[in-house]
Each structure stands twice: as C-alpha cells, then as structure tokens.
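This report concerns only the one structure given below.
The values are calculated or read from the model by the stated rules, or taken from the named source; none is laboratory data. Values in this document were obtained by computation on a predicted structure and should not be read as measured data. Reconstructed Cβ throughout: ideal geometry from the backbone, glycine too, with neighbour counts over all protein chains shown.
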Amino acid sequence: MSKSLEEHAGPIPEAWEGEERSYIFECRLGRAQQLKDLGNQHFKRSEWVPALARYKKALYHAHFDELQSWDLMDHHKEMLAGVAVPVKLNFVVCILKLLEAGGELDDSEVAKEDGEAETWLDRAEEVCNEVIKLDPSSAKAHYRRAQVLERRGDLAGAEACLDAAERLEGGSAGVRGARQRLREQRKAERARERALYGGLIQEDCVHRAAEEAADRREARRALALRVSSALAAPITRPAGLLLRLVLRPLYERLVSPACGLVSRLAAAAFEKALRRVVGPRGAAEEVGVAAGGEHLHSE
C-alpha cells in the first residue's frame, strides 16, 4: 500500500515557520496538507491569527510557479487542487475576519511571497481569483470574492459575484444575507449623497423609486425561487431521498477509504451533484458557506 502524503512529509518540525519547500512533490504537498489540518483546528475555534499563519505556510509549500505547474501531470494537478483550494478559501476568511476585528492585521502591507498583492485585502482578492481561474464553477470562490469586494466598497462588483454564485449553486442564506447588506449599503450611500448635496444631484423621490425598484426585484427573485422549488419538489425530493438513503450508502461501502485523495475528490463531486438534484434548500441552505460566512472549506 502506497504511503499517504503526510507519511511522505514526515513530522512537522518545531521551526515550521522557517522551513523551506521540499524538492519532492509528495513531501511538499504532504506538509501543506498537515498545515492545512492544523489550520482547520484553529479555524473551528475561531482562532484566526494562528489559522492564518498555518494556512499561509501551507500555501507556501503548495505553491508551484508557472513552469513547475506545466511539468505536473494531470493527477498531480488534481492532488494539488484538492489541498490548495480549501486552504485558499479559508485563508480569505481569516483575512476578512481579522480586518473586520481591526488591530490584529494591518491592511497597509503584506508579505508578497508568491503573490503580487500590496495589501492583505489585495491578497484576499488575488487568492479568490486564483481559485476561480483554477475552477470557474466554484461558487464558494465567487462568494468569497463578493465578500472581499463588499469590504472594498465595490458594491457592483460584489453583486456580480453573488449573481455568479447563485447561478452555480442556487440561492442560499449566505447569498441572501449578502444581498441584503449590499442593499442597505446602497441606501446608506444615497442617504449620504442627499445629505451632502442637498438634493442637487437627484431628487429624493428618484432615490426612493430606485430603492423600491430594487426591493421589487429582490421580491420577484425570491418568489421565483420558491415557485421553482415547489414545482420541482415532486421530482427532486424522491430523487434526493434515493441518493441519500440508497445510492450514497452503496457508494460509501464500495469505495474504499484507502483510496485517499481520489475518493475525497469523488465524494466532493458526488456532493455537488446531490446539491444540484435536491436544490439549494434541500442541500443545507448554503453556497458552501454558513449564513455568517465562516464555513470551513476542508474537502
């Protein structure tokens, strides 16, 4: 039986923060996997600073430049994505949480290392773009990018990212909450403009009409989602029960846990198919994120 990635990497040294990358692919990726697992433990306890440090070092080990990536075989690229993508998405969450808290993370500078970002917020957007480039169908990456753009104040860009996430995975509590925040921010911006310019730019009734139109669009969107879910229920609910009660147990029995990364990737694909069949409401009411945006990407 072949060794796991963790066995290839060996024990994590005490001076792990200063450890250099290995020249052996399995050792290098194994260390990233170990640091990812440790980061996930901190993440679950909302310990954002140590989680960020672990994820940052995991990305250091899992980084391959363009020439190195060109030489990787397809199965190596799949292995790399299976480790790096969840780390990157959790890395973005840590940055956002620390910036929101203030004081823990200075947004004025960031160690560039393998990226070109000037600030931590730049780095968060850069990482989201890397995941989207690797997997354009990742609703989680689009959602995380929406959160980053929302913090930047790019409300139109955040809205476009939420639209992409919704097209890929359907409506969710996280997306609906984000849309509500964007509407409230737009209203606040219009109120500031009215106070600043005294109505010289637009009349108050024009602002109210725009706000009412946005509310009507959101109400139509929610109604369409409820109607489509109700119409599809006679098909999706029995199909979902079949997948959960019959096919999934068979799948778990037939696929050996020893398959390692291959089985984890297959399981992730199976879960994605399940969400598409059951629909967003039947699949945990989320776009791979909790309503508060703190979901752990550990697949």
Handout entry: Flag for L96 being more than 15 Å from Q34 (Cβ to Cβ) and in contact with a His (Cβ under 6 Å, 6 or more places away or on another chain)
Key = no
Fill in the blank from the handout: (1) surrounded by 18 or more Cβ atoms within 10 Å (Cβ to Cβ); (2) of a type outside the set (D, E); (3) at pLDDT 75 or above all hold for H207 apart from (3)
Exercise for the section: Please state which of the following conditions R179 fails to meet, knowing it meets all the rest: (1) buried (at least 18 other Cβ atoms within 10 Å of the Cβ); (2) at pLDDT 90 or above. Expected result: (2)
Completion exercise
Restricting the stretch 76-98 to residues that are in contact with an Asp or Glu (Cβ under 8 Å, 6 or more places away or on another chain) and hydrophobic (A, V, I, L, M, F, W, C), the one surrounded by the most Cβ atoms within 10 Å (Cβ to Cβ) turns out to be V93
Exercise for the section: For W48, state whether it is more than 19 Å from L134 (Cβ to Cβ), among the aromatic types (F, W, Y) and under 22 Å from the mean Cα position of the chain (by Cα). Expected result: yes
Problem - From the options A51, A32, A15, A9, residue that is farther than 30 Å from P136 by Cβ and surrounded by 19 or more Cβ atoms within 10 Å (Cβ to Cβ) - result: A9
Exercise for the section: Determine whether the stretch 67-80 contains at least one residue that is polar (S, T, N, Q), free of Cβ contacts under 8 Å to residues at least 40 places away in the same chain and touching a helix residue (DSSP H, G or I) at 6+ places or on another chain (Cβ under 8 Å). Expected result: yes
Practice task
Return the residue satisfying two criteria in turn: it lies in the stretch 99-119 and is part of a helix (DSSP H, G or I) and either of a type in the set (D, E, K, R) or at pLDDT 90 or above (or both), and of such residues it is surrounded by the most Cβ atoms within 10 Å (Cβ to Cβ).
Solution key: L99
Exercise for the section: Name every residue in the stretch 56-91 that is under 14 Å from the mean Cα position of the chain (by Cα) and among the aromatic types (F, W, Y), in order of residue number. Expected result: F91
